[in-house]
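Shown next, in structure tokens, is the structure this report addresses.
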Amino acid sequence: MTAERRMSLSRRALLAAGLPAMFAPAYAQNAATTYPERQVSFIVPFAPGGGTDILARLLAQKLEQRLGKPFVVENRPGAGTVLATNYVARSAPDGYTIAMAVSSLAADVTLYKSLPYDPAKDLALVALIARVPFVLVVNPALPVSSVEDLINLAKQRTLSYGTGGVGAFHHLSASLFSTMAGIKMTHVPYRGSAPALNDLIAGYVQVMFTDYGPAAGFISSGKVRALAVTTKQPFPVLPEVPPLAEAGVPGFDAAAWQGVIAPARTPAAIIAKLNAELNAAVAMNDVRARMRDIGMIPVGAGSPEELAEFLQSEIVRWGKVVEDAGIARSE
């Protein structure tokens, strides 16, 4: 074989090797244009009936209407949210497996001894759907009518607080509150917020941070007393309940959040399309009204790049709370 022939073959080989890279952006863009071409699995990391499940089904309905293909909700509860999240992280990065995610996605990095995935590397936060304020509630027999009363009482005697489990947002909110208020309370973890609320009503624990949905009926009936909300802004469904930041704990601002995730290597154009469609769905009046009914503040904003930065900042923020609570690497 002549040197000229070898050089010609080499040039052809180099050109052939470069063709996939040359056509990859065009292929990805075309995939986004035609996406979805079949059913999309929409994973929920909790059992049916809760706020996250209700929200997922609402979003799935809107996505199906807007994009013309089924978005089928599949509940995969277990191991907190780790089981479902790991399933998504290991799924094909093609846009046909997405999932609801909550703020424990960020806290779990510090809470668990080891996770089978790295949220920042193996997952993409596609959309930030809602913020979820928590409500500080007490047993009505407790002789307090304000946050200041509660702090003073906690300095005089030991109070116990219930949560939906170690590392749950109920737990992290209470830990942050205790740190900022300079008090200590005894943590009593339960297998979910419902049994914790039941024991609060029965007087076995005195204090709890709860999401609004499970507690709404108990608050309105007077079975628990709401003292404050965790966000700096008042909560529209509880306009008479002040923010903690204004009720004795300056600077307190905490809310759980609800988002949608996909495998990290999902084409950027598909991520961008899902981001735009989900944000558009959250902007709909009927969606926003339903979200407020179940105790959520609609967000529906932020580009995929901004959401990646948000997730990283949340990992740092809640990691410190987990460390301060003494529960790092406890699970």
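The values are calculated or read from the model by the stated rules, or taken from the named source; none is laboratory data. Keep in mind it's a predicted model, so treat the numbers as computed, not measured. Backbone-built Cβ (ideal geometry, glycine too); neighbour counts: all protein chains shown. Side chains included, ligands, DNA and RNA excluded: accessible areas come from the protein's heavy atoms. Shrake-Rupley method; radii C 1.70, N 1.55, O 1.52, S 1.80 Å.
Suppose the filter is within 20 Å of residue 73 (Cα to Cα) and touching a residue at least 12 places away in the same chain (Cβ under 8 Å); does residue 284 pass it? Considered against the rule, which asks whether it is within 20 Å of residue 73 (Cα to Cα) and touching a residue at least 12 places away in the same chain (Cβ under 8 Å), residue 284 comes out as no.
Among the residues making up the range 219-232, those that are out of contact with any Asp or Glu (no Cβ under 7 Å at 6 or more places or on another chain) and touching a residue at least 60 places away in the same chain (Cβ under 8 Å) are 219, 222, 223, 224, 225, 226, 227, 228, 229, 230.
Screening the candidates 128, 136, 153 for the property of being at pLDDT 95 or above, in a strand (DSSP E or B) and open to solvent by 10 Å² or more (accessible area, probe 1.4 Å) yields one hit, 128.
In the range 76-94, what residues are of a type outside the set (Lys, Arg) and without any contact (Cβ under 8 Å) to a residue 60 or more places away in the chain?
77, 78, 79, 81, 82, 83, 84, 86, 87
Take the conditions (1) touching a helix residue (DSSP H, G or I) at 6+ places or on another chain (Cβ under 6 Å); (2) assigned to a loop (DSSP other than H, G, I, E, B); (3) of a type in the set (Ser, Thr, Tyr); residue 91 misses just one of them, which is (1).
Among the residues making up the range 211-231, a single one is among the basic types (Lys, Arg) and over 19 Å from residue 174 (Cα atoms): 223. For the range 274-304, residues that are open to solvent by 20 Å² or more (accessible area, probe 1.4 Å) and either under 19 Å from residue 124 (Cα atoms) or part of a helix (DSSP H, G or I) (or both) total 16.
Restricting the range 156-168 to residues that are of a type in the set (S, T, N, Q) and either crowded, with 24+ Cβ neighbours inside 10 Å or out of contact with any strand residue (DSSP E or B) (no Cβ under 7 Å at 6 or more places or on another chain) (or both), which is farthest from residue 320 (Cα to Cα)? The extreme case among them is 156. Yes or no: residue 325 small (Gly, Ala, Ser), under 28 Å from residue 149 (Cα atoms) and in contact with a strand residue (DSSP E or B) (Cβ under 7 Å, 6 or more places away or on another chain)? It is false that residue 325 is small (Gly, Ala, Ser), under 28 Å from residue 149 (Cα atoms) and in contact with a strand residue (DSSP E or B) (Cβ under 7 Å, 6 or more places away or on another chain).
For residue 188, indicate whether it is over 24 Å from residue 240 (Cα atoms), of a type outside the set (Phe, Trp, Tyr), at pLDDT 90 or above and open to solvent by less than 20 Å² (accessible area, probe 1.4 Å). Considered against the rule, which asks whether it is over 24 Å from residue 240 (Cα atoms), of a type outside the set (Phe, Trp, Tyr), at pLDDT 90 or above and open to solvent by less than 20 Å² (accessible area, probe 1.4 Å), residue 188 comes out as no. Being in contact with a Phe, Trp or Tyr (Cβ under 8 Å, 6 or more places away or on another chain) and open to solvent by less than 30 Å² (accessible area, probe 1.4 Å) is the requirement here; does residue 261 meet it? Criteria not met by residue 261. For the range 201-249, what are the residues that are closer than 18 Å to residue 133 by Cβ and assigned to a helix (DSSP H, G or I)? The answer is 212, 213, 214, 215, 216, 217, 218, 219, 220, 244, 245, 246.
Note on the range 243-258: residues that are under 20 Å from residue 310 (Cα atoms) and open to solvent by less than 30 Å² (accessible area, probe 1.4 Å) amount to 6. Every condition in (1) under 30 Å from residue 216 (Cα atoms); (2) outside any helix (DSSP H, G or I) is met by residue 69 except one, and the failing one is (1).
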